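The values are calculated or read from the model by the stated rules, or taken from the named source; none is laboratory data. These figures come from a predicted structure and were not determined experimentally. Positions of Cβ are generated from backbone atoms using ideal geometry, with glycine treated the same way; all protein chains shown enter the neighbour counts. The protein model used for the area step is the full one, side chains on, heavy atoms only, and it has no ligands, DNA or RNA in it. Shrake-Rupley method; radii C 1.70, N 1.55, O 1.52, S 1.80 Å.
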Amino acid sequence: MKNTERVPVRQPDRVLSYFENQRPVLAVVTVSGLIYNLGLVVSPWFEGQLAQCLLGILNGNETFAAMAALCAGYLIAIAVVQGSRFIKRLYVRKFANNINRSMKQVLYANLVRKDKVELEQAGTGTLMTKAISDVDACAEGMRKFTTEIFDTGIALLAYAVMLLGYDWRLALLCLVFAPISYYIAEQMKTLVQRTGAANKESTGRLSAATLDRVSGALTYRVYGCEPQRDAAYEACLQDYERTAVKAGLPVAAMPPLYGVISMTGVLFIFTFGARNVAGTGWAAWDIAAFTTFLSCFGKLAVKSSHAAKLFNAVQKARYPGDASNR
């Protein structure tokens, strides 16, 4: 039988302690994440070489064997990168599941030790929300944070270094738009936290109403109060649905805008990159360099929009004015 004994968390009131408690899992995530995200720059390079080789074949300067060799190398590189991605994602999920279990075990242990009067004063719905919804949101935020450190942070750094290596002036022009999306995401903090807190409070009221409706079903039936209680429960359910939509809307609706802002730099690539290919720009490029730069920037813009989305995901897991915001 699998051992489910809880590994003690040194300081259960600090998020950092849960990361420290999962060091072996995070070690695997780190190694596989570095291989995966640093290997992402291989794809744009191969795409550029393939475009240049195709042009050479059309001009009669390259052979089909050269294209086949490039394709084989491309497939091998992608296989290694995606294999590392599989390992990283697997262990990130394992990390999140362990965190979720540890947090709930700590919370349940604290609830068991509480006095009955304290529990009644806190409210059943609020306690159920804290035991389920809050822990799930916190664990999900930690999972996304861990994932995006590699999938966004390391990947963005690798892409940026590659762009700067090809043409640092053009790279700086293109990269100036990414911080704008981050700024907009940060300005959404108040709205995301306010709607998220309202949804959690509504979840608590719905949990309390559900427990009350189930536990008092016989009493309400005897005294003929079922229609009134059904109406009250329906009101709680509608309030929960409304607050859930409001809480999810900012997080779901903004990523396309972040992506559009980040991709604005492609206009400079078509303008100044074409000059580089023509020999009148800041750097001497061929078709391979232009294709690699364009592909690399496109991937960077997608990652950049994911980073902005991450800010909103982390903000959603916090209450306004929570001490953890500091």
Q: Go through the stretch 8-56 and count every residue that is aromatic (F, W, Y) and either in contact with a strand residue (DSSP E or B) (Cβ under 7 Å, 6 or more places away or on another chain) or open to solvent by 20 Å² or more (accessible area, probe 1.4 Å) (or both).
A: 3
Q: Could you please find all residues in the stretch 1-41 being at pLDDT 85 or above and farther than 22 Å from L90 by Cβ?
A: V41
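Taking only the stretch 271-302 into account, find how many residues are touching a residue at least 24 places away in the same chain (Cβ under 8 Å), open to solvent by 30 Å² or more (accessible area, probe 1.4 Å) and part of a helix (DSSP H, G or I). Before the answer, list the steps.
In the first step, residues of the stretch 271-302 are kept if they are touching a residue at least 24 places away in the same chain (Cβ under 8 Å); the result is 272-273, 276, 281-283, 285-302.
Cutting the leftovers down to open to solvent by 30 Å² or more (accessible area, probe 1.4 Å) gives us 272, 281-282, 286-287, 290-291, 294, 299, 302.
After this cut, where a residue has to be part of a helix (DSSP H, G or I) as well, the list is 272, 287, 290-291, 294, 299, 302.
Qualifying residue count, the stretch 271-302: 7.
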Q: Can you work out which of the residues in the stretch 205-247 that are more than 30 Å from T190 (Cβ to Cβ) and of a type in the set (S, T, N, Q) is most open to solvent (accessible area, probe 1.4 Å)?
A: Q228
Q | Condition broken by S181, with the remaining ones in (1) within 22 Å of L40 (Cβ to Cβ); (2) surrounded by fewer than 20 Cβ atoms within 10 Å (Cβ to Cβ); (3) of a type outside the set (D, E); (4) at pLDDT below 80 satisfied | A | (2)
Q: Report whether or not T243 is in contact (Cβ under 8 Å) with a residue 24 or more places away in the chain and over 30 Å from F293 (Cβ atoms).
A: yes
